[in-house]
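The values are calculated or read from the model by the stated rules, or taken from the named source; none is laboratory data. Every value quoted in this text rests on a predicted model; they were computed, and no experiment measured them. FYI the Cβ positions are ideal-geometry reconstructions off the backbone, even for glycines, and counts take in every protein chain you see. What goes into the accessible areas is simple: the full protein's heavy atoms, side chains included, and nothing from ligands, DNA or RNA. Shrake-Rupley method; radii C 1.70, N 1.55, O 1.52, S 1.80 Å.
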Amino acid sequence: MSMDWILECSGCGASRGPGGLPSVCDACGRPWLVRYPDRPAPSLTSRAEVRRGQGMWRYRPFLPLGPGERPVTLGEGDTPLLEAPRIGRRLGLSDLWVKDEAANPTGSFKARGLSAAVTRGVLAGARHFVLPTAGNAGVAASAYGARAGVPVRVYAPSTTPLPILDQIRAFGGDLVLLEGHIGDCGKAARAYAAETGALDLSTLREPYRIEGKKTLGLELAMQFGWSLPAVILYPTGGGTGLIGMWKAFAELRAAGWVTDPPPRMYTVQATGCAPMVRAFDAGAEGATPWPDPWTVASGLRVPGPLGDRLILAALRESGGGAIAVTDEELVQEARRGSAEEGVDFSPEGGAALAAARLLREQGALRPKDRVVVFNTGAGWLYRSPGDLPPS
Ligand SMILES: *Cc1c(COP(=O)(O)O)cnc(C)c1O
């Protein structure tokens, strides 16, 4: 018995086995989530083993990999969890941390999700992948495809930062640029998949990227000595990381590996594309697509996330919230934060810092709260030589 998990629909609750190349629920079109009802709960003995392991696949007791199966890996995970005392002092937060996902192979946390998705895709016999991207997912898909020896077609907006497009090409991705946003790229990717039989790796259109992103939450807990912070500030596009971490915290608590209450989760978006903030503020169950999305933080340019209901449920259950920051604020915070701490903040990471400032000013964060800001990708991927003003 190798695949000891099932897929459960996040919309209608239908379930199915993991065989084949599952996309979304046939009945209602909502994303599948992986469940492990037949796997014994990971024991406290395996918690010690996990500590001795390496990279994100050390969390194998929580991941969709059967005995004897080998992952497609580039050493993703094990990223630094850093105290940020200077930024913290400036913002009035005495226990501020940065989870620096820029340290992943391919320069962003997209490595985690794509390592898991490409692993399952290859084991299921996929010979060809396709994905639409706002940028970093295309870099990661191209790299993991190369690692597995499987070609990858990537659709990206022509406005994607040039260093990101260069990285996609460097890893051998078959890059097609489109006028429009990631939603338009998604349509092109689905048409290509239907025509060629390529496996569509879009966010939440296959169930395993979430499982890879879940390791963000598992790793955070381990790095804090199996405890959880009070607050997480997460720059949100499609929301895989937020949904994945929320799932991780539930699974960790169910296994008895942590006993802390889960963190208050905050979605951070840019004012030029904030469908989740608008839906949260309206008390809605789902989001309506944002017209003409624009922000320099290209990872946040997702006008209609497929996981909208899962994101909103996690924000509300956790007692967190949603907040939008302007491009001016996020760019400035990324620059300041990089110079203050030596962390290469991406615009998305800058957005999370800007949100920390606003939430502190609004009183939603208390001075002593343990707050974790996610720097989801590397700043250099967004800069061309000479972009920064002379200091
Ligand atoms: C993709 C991406 C995001 C958004 O991640 P989701 O999990 O899709 O919400 C944030 N920051 C960066 C740098 C990204 O590449």
To the nearest 20 Debye, how big is the dipole of the range 110-200 about its Cα centre, given +1 on the beta carbon of each Lys and Arg and -1 on that of each Asp and Glu?
340 debye
Top mean-square fluctuation among Thr376, Thr160, Thr259, Gaussian network model of the chain, C-alpha springs under 10 Å?
Thr259
Tell me, what are the semi-axes, in whole angstrom and largest first, of the equivalent ellipsoid of the range 157-217 as set by the roots of 5 times the Cα gyration tensor eigenvalues?
21, 18, 12
What is the local net charge at Tyr155, summed over the other residues whose Cβ is closer than 12 Å to its Cβ (Lys, Arg +1; Asp, Glu -1)?
-1
Rounded to a whole number of µm²/s, how large is the Stokes-Einstein D of the range 6-62 at 20 °C and 1.002 mPa s, given Rh as the Kirkwood radius over C-alpha pairs?
162 µm²/s
Could you please state how large a percent of the accessible area of the chain is carbon and sulfur, counting protein chains only and using a 1.4 Å probe?
52 percent
Anisotropy class of the range 1-120 from Cα gyration tensor, a/c 1.5 cut:
prolate
Rg/Rh for the chain: what does it come to with C-alpha atoms and Rh from Kirkwood?
0.94
With the other protein chains left in place, how much accessible area per residue, in square angstrom, belongs to the chain at a 1.4 angstrom probe?
38 Å²
Restricting to bridges with both residues inside the chain, how much of the DSSP beta-bridge set is antiparallel, in percent to the nearest 5?
30 percent
Please list 294-300, 11-17 highest first by mean number of surrounding beta-carbon atoms within 10 Å per residue.
294-300, 11-17
Give the shape of the range 30-78 as rounded, prolate or oblate, defined through the alpha-carbon gyration tensor: a ≥ b ≥ c are the square roots of its eigenvalues, a/c under 1.5 means rounded, and otherwise the shape is prolate if a/b is larger than b/c and oblate if not.
oblate
Checking the a/c ratio against 1.5 first, then a/b against b/c, what shape does the Cα gyration tensor give for the range 232-348?
oblate
7 Å from Cα along Cα→Cβ at both Ser384 and Glu49: what's the point-to-point distance in nm?
5.1 nm
From the helices alone, meaning DSSP H stretches of at least four residues, give me the mean residue ellipticity at 222 nm for the chain, per-run term -39500 (n - 2.57), in deg cm²/dmol to the nearest 500.
-12000 deg cm²/dmol
Cα-centred dipole magnitude for the chain, charges only on beta-carbon of K, R (+1) and D, E (-1), debye, nearest 20
740 debye
Value of D in µm² per second that Stokes-Einstein yields for the range 346-391, Kirkwood Rh from Cα pairs, at 20 °C (1.002 mPa s):
174 µm²/s
For the range 32-92, what is the charge dipole size about the Cα centre, in debye to the nearest 20, if Lys and Arg each add +1 at the Cβ and Asp and Glu each add -1 at the Cβ?
280 debye
Would you mind checking the radius of gyration and Dmax of the range 241-293 based on alpha-carbon positions, in Å?
14.6, 45
Taking N as the number of residues in the range 58-205, the ratio of its alpha carbon radius of gyration to 2.2 N^0.38 Å works out to 1.16
Let me know the Kirkwood hydrodynamic radius for the range 190-290, please, with Cα pairs as the basis and the value in Å to one decimal.
15.3 Å
Among Thr160, Ala140, Ala124, pick out the residue whose Cα is farthest towards the positive end of the charge dipole of the range 110-200, where Lys and Arg carry +1 and Asp and Glu carry -1 on C-beta, about the Cα centre.
Ala124
